[in-house]
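The values are calculated or read from the model by the stated rules, or taken from the named source; none is laboratory data. On a predicted model such as this, the values are computed, not experimentally measured, just so you know. Here the Cβ is made from the backbone with ideal geometry for all residues, glycine too, and neighbour counts use every protein chain on show. Just the protein is used for accessible areas: all its heavy atoms, side chains included, with ligands, DNA and RNA removed. Shrake-Rupley method; radii C 1.70, N 1.55, O 1.52, S 1.80 Å.
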Amino acid sequence: MKNTLYLSILAAALMGGQVFAADPIPTALEGCKAGENNYYYGAYKDDGSDASGGNVSVSASATGSDFSHAFVEGGRSTQGGASNNKITMTSGQVQSLYGAEGKTTVSGNTVIMTGGKVTSSLRGGHSIADKTELVTPLVEKNVVIVAGDCELTTAQLYGGYSSHGDAKDNKVYLVGKGATAIIADAQGITSTYTGGNIKLKAVYAGTGEGTLANNSIDIYGTGITVSNYVDKMQILNFHISQNQIGGEDSMLTLTTYGMNLTNVTIGIQDVNVDVQAWTPGTTVTLVQLDKDNRTITGIESGQEVDIKRDDKVVAKGQLVLSNDNKTLSLSIPGSVPEPTTGTLGLLALAGLCIRRRK
């Protein structure tokens, strides 16, 4: 039987406390406009108004499909903005996935990919204005979550892409092997994601000709492989879980190009690691380069970094660059820090009571 990709729009009609979804169909998207050249939109506007509220689900009964050349967008406005659209892909194959595309402000859109294959481009938010038009596009606060076994080996991934405007506060989350992550979408709705093997061509948090600010990439687990660049981020966070302590597997592996970390803030997040595991000699491999002629630049080896859980420091570490500049690791050179403020307060109170008894 021919493999078929099912594309369906999740109907957001709330009746009697239940949310009803349209039945998936193999040849079109129900409840939205089908464009030319294999374009499909969850929400579409061509009158200058904003496209918003599109909610698209992409899945397939098996690998491969009639929609391997489809361009699927949560929302698109040819003249206005696009906000609060969402795409969820669990399997199958498409050419491109865009959370939303608009002329002016493209904000608050989400793409979630937990399986399948994208062959050309995945973007949380994308502006389509050109320099000849009297508009300055803004692409901000869009979210891309890639978790599980996903293939984007020929696709470019962007949290936000602004043609000649600003790109700010866009987020890319990559959840690899051995990781379970609780992540919020662009609307602040949290879900739990299980990681897997993620194969990527290139990852950019936010790009454009205008101001780039607070665009971030968050890495969970291991087995995340990129054949091209990881770039255009101002923040790079690594989320360390208990099973990674002392492990040799790299969280992020680049197979062809180097990595420039100039003006990039690196954060280390603790995902429920036993504090006692942060002992002197503990190491976690963050980034590994494969090519002999490529290096990691823009970072000084030995700089101190806080290891945080819920914005509270639980340990101190160092970022260590190997002598050949091909491996970036987290190292624990000193002792485990003193207990948190709350614990210190209890200990101080206990000590005061003992002294009074004397």
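Do any trypsin sites (Lys or Arg not before Pro) in the stretch 97-171 lie in a DSSP loop with no more than 16 other beta carbon atoms within 10 Å, and if so, which? Passing sites in the stretch 97-171 are Lys131. For the pairs Lys117/Lys308; Lys201/Lys291; Lys131/Lys201; Lys199/Lys232, flag any whose C-alpha to C-alpha distance is greater than 23 Å. Checking Cα-Cα distances, Lys117/Lys308; Lys131/Lys201 exceed 23 Å. What does the charge add up to near Gln79, with Lys and Arg as +1, Asp and Glu as -1, over the other residues with Cβ less than 14 Å from its Cβ? Cβ neighbours under 14 Å give a net charge of -3. To make sure I understand the rule: partners must be aspartates and glutamates, Cα under 14 Å from the Cα of Lys141, and not fewer than 8 residues away in the same chain. Which ones qualify? Excluding near neighbours in sequence, the set is Glu101, Asp166, Asp169, Asp185. Figure note: Asp310, Asp249 ranked by solvent-accessible area, largest first, 1.4 Å probe, ligands and nucleic acids not counted: Asp310, Asp249.
Compared with the alpha-carbon gap, the fully stretched path from Tyr39 to Ala277 is longer by 80.6 nm at 0.36 nm per residue. Each other residue within a Cβ distance under 11 Å of Lys177 adds +1 if Lys or Arg and -1 if Asp or Glu, for a net charge of -2. Distance from the alpha carbon centroid of the stretch 238-313 to that of the stretch 173-214 works out to 17 angstrom. Here the Karplus curve 6.51 cos²θ - 1.76 cosθ + 1.60, taken at θ = phi - 60°, turns the phi angles of the stretch 321-327 into couplings of 9, 5, 4, 8, 6, 10, 9 Hz, with x standing for Gly and Pro. Gyration tensor over the Cα atoms of the stretch 180-325: the corresponding equivalent ellipsoid has semi-axes (square roots of 5 times the eigenvalues, largest first) of 22, 20, 16 Å. Electrostatic bookkeeping for Leu319 treats Lys and Arg as +1 and Asp and Glu as -1; over the other residues with beta carbon under 14 Å from its beta carbon, the sum is -2.
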